[in-house]
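The values are calculated or read from the model by the stated rules, or taken from the named source; none is laboratory data. Only a predicted model underlies this, so the values are computations on that prediction, with no experimental measurement involved. Positions of Cβ are backbone-derived with ideal geometry, glycine not excepted, and every protein chain shown enters the neighbour counts. All accessible areas refer to the heavy atoms of the entire protein, side chains included, with ligands and DNA or RNA removed. Shrake-Rupley method; radii C 1.70, N 1.55, O 1.52, S 1.80 Å.
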Amino acid sequence: MSKLKIAVIVGSTRIGRFSEHPAKWIAAIAAERQDIEVEVLDLLDYPMHFFGEQRATTAESETAERWKKKLREFDGFIFTVAEYNHAPTAVLKNAIDLGEFIHKPVGFVGYGGVGGARAVEHLRLIFVEMGAASVKTGVHIALGEYLGVLKEGKSLSDYAHLNEAAKNQLDQLTWWGNALKAARAVVTAS
């Protein structure tokens, strides 16, 4: 079976963001696998108008179309999810609204309050509406690990429980990715 193409989406564009740490970490773990081809997509590279905004510039509209086209290349997605005020970032929600994820699996690496769990739960519900399949295992970077990386020079790979959660999430993502890819092929062929 061919490798699944998985995108790791950096879900924050804020100055001083932490999201690059989990994106690079989970992408490196995924790249070690023989069944996955991984690419990191940074929302900084896709400055889009807000969904439904009347005064979108031509450049913003073109960027949104480039975003959709890029997403079509992938069989599944992992999102880094910063939690602010018990929710995901506006830029991530907007990128989801402007994207296409139907019949593809999604996983999450959350951080922030309670490991980003509340923001991830929001996204799970949103992706049901988007027609995507959320995998069971989330990766939740708690305050201790977050501070360990930022203040103690540790790496996320230093935490065995995060590595285990990442492995489980990737196993589920590839299972769902292969199942949904086969189902999409049957629908396309008929």
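For segment 32-183, the per residue solvent-accessible surface stands at 50 Å², with DNA, RNA and ligands left out and a 1.4 Å probe.
Full extension of the chain between residue 73 and residue 33 gives 12.5 nm of extra length, using 0.36 nm per residue less the Cα-Cα distance. Value of Rg to Rh for segment 104-179, rounded to two decimals, is 1.03; Kirkwood radius and Rg both from alpha-carbon coordinates. With a cut-off of 14 Å between beta carbons, the residues surrounding residue 113 carry a summed charge of -2, where Lys and Arg count +1 and Asp and Glu -1. Here the Karplus curve 6.51 cos²θ - 1.76 cosθ + 1.60, taken at θ = phi - 60°, turns the phi angles of segment 17-32 into couplings of 4, 8, 4, 5, 4, x, 5, 5, 5, 5, 5, 5, 5, 5, 5, 6 Hz, with x standing for Gly and Pro. Per-residue SASA remark: residue 62, around 120 Å² accessible (1.4 Å probe; ligands, DNA and RNA not included). Using only side-chain charges placed at the Cβ, +1 for Lys and Arg and -1 for Asp and Glu, the dipole size of segment 32-190 relative to its Cα centre rounds to 320 debye. Relative to one another, the C-alpha centroids of segment 8-80 and segment 132-157 are positioned 19 Å apart. Against the compact-protein benchmark of 2.2 N^0.38 Å, the Cα-based radius of gyration of segment 42-133 scales to 1.08. Summed over qualifying helices (DSSP H, 4 residues or more, each -39500 (n - 2.57)) and divided by its residue number, the chain shows a 222 nm mean residue ellipticity of -15000 deg cm²/dmol. Accessible-area rank, largest first, for 45, 75, 97: 45, 97, 75, with all protein chains present and a 1.4 angstrom probe. Using C-alpha pairs under 8 Å with a sequence gap of at least 6, the mean separation divided by the residue count of the chain gives a relative contact order of 21 percent.
Taking Lys and Arg as +1 and Asp and Glu as -1, the other residues whose beta-carbon sits under 10 Å from that of residue 170 total -1. Amide H contacts under 5 Å for residue 78: 7, 8, 9, 107, restricted to partners 5 or more places along the chain or on a different chain, H placed in the peptide plane at 1.01 Å from N. Of the solvent-accessible surface of the chain, computed with a 1.4 Å probe over protein heavy atoms with every protein chain present, carbon and sulfur atoms account for 56 percent.
Per residue, the average separation of C-alpha pairs within less than 8 Å and at least 6 apart gives segment 49-160 a relative contact order of 24 percent. Each residue, residue 155 and residue 65, gets one label point 7 Å from its Cα in the Cβ direction; the gap between the two is 4.2 nm. For the residue pairs 69/104; 104/181; 24/68; 5/70; 24/154; 93/167, alpha carbon separations beyond 18 Å are given by 24/68; 93/167. Per residue, the convex hull around the alpha carbon atoms of the chain comes to 120 Å³.
Starting from segment 36-138, pick out the trypsin sites (Lys or Arg not before Pro) whose DSSP state is loop and whose Cβ has at most 14 other Cβ atoms within 10 Å. Answer in residue order: 55, 72, 136. In this simple spin-label approximation, residue 164 and residue 57 carry label points 7 Å from Cα along the Cα→Cβ vector, and these lie 4.9 nm apart.
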